[in-house]
Amino acid sequence: MPAMSWVLGAAVLAALGWIVAIVGGQLGRADRRQQLASAAAQLEAQALGLDATRPGGAPDRPIEVISASQIEPRAQREPCPRCGGRFHVATHEVQVIDDDRPGPGIDADAKRLRHVVCRCGSCGVERPTWFYIRVPTPLA
Ligand SMILES: [Zn+2]
């Protein structure tokens, strides 16, 4: 299965590169090229499994853990989908998500999430992941 997704990802990237080169060259317009590059980056993220729809890819789909000590090992566990290199935690911060009430102040139902950004030590690709600690622990 991982070998198959590599092949699929490589095919998608090759096709995108070709489309960007052909269409971008014919139109010769910077804004069109920028749109295509943005679309290509989005598709690359999807092909690499780095998009917001994966588990932990967005605040509304955090990976649940039972202890803060599980977060960084979990975040670094899988190899880089682009090059197979190792991920290392670049940033790890607590973020309070309170999206049902505008303005200052925090609801009682606000979720305290961990936002971890890992960076590949080989190719530098970044993978942001959201975590939720199911049993709340006091945070210093
Ligand atoms: Zn990499």
Inspect all residues belonging to region 85-92 and state whether any of them is more than 16 Å from the ligand (Cβ to nearest atom), outside the structural domain of VAL7 (by TED's automatic domain parsing) and at pLDDT 95 or above. yes
Expected single match for within 16 Å of the ligand (Cβ to nearest atom), under 17 Å from the mean Cα position of the chain (by Cα) and modelled with pLDDT of 90 or more among ARG82, ARG119, ARG74 is ARG119
Quick one: in region 124-140, which of the residues that are outside any strand (DSSP E or B) and modelled with pLDDT of 90 or more is nearest to LYS111 (Cα to Cα)? VAL125
Near pairs, Cβ below 8 angstrom, 6+ apart or cross-chain, from region 61-78 (within 16 Å of GLU126 (Cα to Cα)) to any residue that is among the aliphatic types (A, V, I, L, M): GLU72/VAL89; GLU72/VAL116; ARG74/ILE63; ARG74/VAL65; ALA75/VAL89; ALA75/VAL116; GLN76/VAL89
Flagged in region 57-97 as within 11 Å of CYS118 (Cα to Cα), among the small types (Gly, Ala, Ser) and crowded, with 16+ Cβ neighbours inside 10 Å, in numbering order, are ALA75
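The values are calculated or read from the model by the stated rules, or taken from the named source; none is laboratory data. Note that the coordinates shown come from a computational prediction; the quantities given were computed from them, not determined experimentally. We place every Cβ from the backbone using ideal geometry, glycine too, and count neighbours over all the protein chains shown.
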